[in-house]
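Inspection log for the structure reproduced underneath, given as structure tokens.
The values are calculated or read from the model by the stated rules, or taken from the named source; none is laboratory data. None of these values were measured; they are calculated from a predicted model. Cβ sites come from the backbone with ideal geometry, for glycine too, and all protein chains shown count toward neighbours.
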Amino acid sequence: MPAFDLTDLLTSLRLGQRRASDVIAQAMAQAATPACARAYCLLQAGSARTAALAADHALDAAAHADKAAMPAQAPLLGAPISIKDLYDVQGEVTTAGSSVLASAPAASADALAVARLRRAGAVFTGRTQMSEFAFSGVGINPHQGTPANPALAALGRPGRILGGSTSGGAVSVACGAAWATLGSDTGGSLRIPAALHGLVGYKCSQQLVPADGSIALAPSLDTVGAITLSVRDAILLHEVLADRRVALTRKPLTQRRAAVVKPLFQDQLDASVRASWEAAVDQLRRAGLTIDEIDLPELTELPALTANGGITAAEAWAGHSARLADHAAEYDPRVVTRIRRGEAIDAATLAALHMARRDWITRVQARLQSFDVVLSPTVPIEAPAIADLVASDDEFFRVNALLLRNPSVVNLFDGCAISLPCQAPGHLPVGLMLWAGNGADDDLLDCALAVETALAQAHA
């Protein structure tokens, strides 16, 4: 857990120790630094300052009234939050990282997730860069420019990818230009950039947060969520986005059992990832967590379930085929390549895929029923250089497949998952993914809090 997270910030605002207007001024200053360059496709400095002043007035008024009521009425009052360019914000154009939609009409209303954040008192810092139409785990955008990973730059590795598709959002949080970001996750788009920046990315059970007012990639898999600084921040954002309370039991790790799946999830690990992953597993065992290594033979069925891009490509093709007929040249060619794979999947084949997926989920659930969570590396590799992936289609698609490999299994499983940083201080960011079945969100988050604490204590 970081020394100071959004939850701490909100407490300091309510106690009058900090002013929302000062926090926003600092966030805007960070957004203007080279480390945050191109993270935003639209920076809303003026409206953010206005909203922050309004938050200060509300906090001042609460100080003379019922302080206890403020968190419940507006739990994010004064919180600087960035918005992925996938979500409608009233009066703004939603481009989804594409030049194709640059001339689209401005949104007439907020997306549901944005509306809930606004109602909770969030101060929107702007719209963040993303992979075009959310269809890449890499984060490169040839239309609007690609930010570099600031976390790796700070460790002497400049010009590295940031992960996608919630790419600019992760940069905004890592740079301090926002204290959380609203993103999405179809195959890992929250967890991948979180892992590569040393942040927390939480993918909830899909049905918990409606995606109304967002541009769909694959409606069967698209999930609304946030990238945050800590697990408790993830819980706070989820409670607002899902309009529900998370029930925490604070069950200790000594009373929990986790599974580790070696096949697939631990294949092709870079040395730094393997070292941090193995150290984290050892630290959790020392903290009392029972960890069993298991086989998951159902993983051998993944090639059949994802042939020609599977459900994602099929639903992406359905959503984009009409637009591609006239505007294909305006798309990122690599995104077009991935979308067109879905053309080979007809309606009957897609229906059969959905049936096969439901059966696969049932069998995987049965295999995991005796465990609280499954532990996996979030992604198997370090962030490679942006230039290498821009220069080579083959390298781009190789890296993209590796980044998506582990987290996308959870999306196919219809489960919930969270990525936590597990590296020692000063080491390259590495994500530890905890995941479980659909509807197990509260217990997953409860376990993640305990895991986060155990790792922090081990690194103290």
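Overview of results
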read-out	value
Meets criteria (assigned to a loop (DSSP other than H, G, I, E, B) and more than 27 Å from the chain's Cα centre (by Cα)) for Gly16	yes
Single match in Glu452, Glu382, Glu395 (criterion: surrounded by fewer than 20 Cβ atoms within 10 Å (Cβ to Cβ), of a type outside the set (A, V, I, L, M) and under 19 Å from the mean Cα position of the chain (by Cα))	Glu382
Residue satisfying condition, being at pLDDT 95 or above and on the phi > 0 side of the Ramachandran plot, within set Gly145, Gly78, Gly137	Gly78
Qualifying residue in segment 211-220 (condition: farther than 18 Å from Leu182 by Cβ and hydrophobic (A, V, I, L, M, F, W, C))	yes
Residue check, Ala65 surrounded by fewer than 15 Cβ atoms within 10 Å (Cβ to Cβ), outside any strand (DSSP E or B), on the phi < 0 side of the Ramachandran plot and touching a residue at least 60 places away in the same chain (Cβ under 8 Å)	no
Selection within segment 375-409 - touching an Asp or Glu at 6+ places or on another chain (Cβ under 9 Å) and of a type in the set (Val, Ile, Thr)	Ile381, Val399
Unique residue being modelled with pLDDT of 95 or more and over 30 Å from Thr337 (Cβ atoms) when the list is Gly169, Gly156, Gly163, Gly183	Gly156
Segment 335-353 residues that are over 19 Å from Glu301 (Cβ atoms), paired with ones that are in a helix (DSSP H, G or I) and of a type in the set (Asp, Glu) (beta carbon under 6 Å, 6 or more apart)	Val335/Glu132
Matching entry among Leu237, Leu248 (being part of a helix (DSSP H, G or I), among the aliphatic types (A, V, I, L, M) and either touching a residue at least 40 places away in the same chain (Cβ under 8 Å) or surrounded by fewer than 24 Cβ atoms within 10 Å (Cβ to Cβ) (or both))	Leu237
Test result for Pro210, modelled with pLDDT under 95 and not in a helix (DSSP H, G or I)	no
Qualifying position, being surrounded by 15 or more Cβ atoms within 10 Å (Cβ to Cβ), over 21 Å from Asp414 (Cα atoms) and in contact (Cβ under 8 Å) with a residue 24 or more places away in the chain, among Asp270, Asp292	Asp270
Filter pass, Leu432 being crowded, with 21+ Cβ neighbours inside 10 Å and either outside any helix (DSSP H, G or I) or acidic (Asp, Glu) (or both)	yes
Among residues of segment 219-232, those that are over 13 Å from the mean Cα position of the chain (by Cα) and either closer than 14 Å to Ala174 by Cα or not in a loop (DSSP other than H, G, I, E, B) (or both), counted	1
Residue match in segment 358-379 (condition: under 26 Å from the mean Cα position of the chain (by Cα), among the β-branched types (Val, Ile, Thr) and under 15 Å from Ser136 (Cβ atoms))	yes
Enumeration of residues in segment 309-334 that are free of Cβ contacts under 8 Å to residues at least 60 places away in the same chain and over 25 Å from the mean Cα position of the chain (by Cα)	Ser321, Ala322, Leu324, Ala325, Asp326, Ala328, Ala329
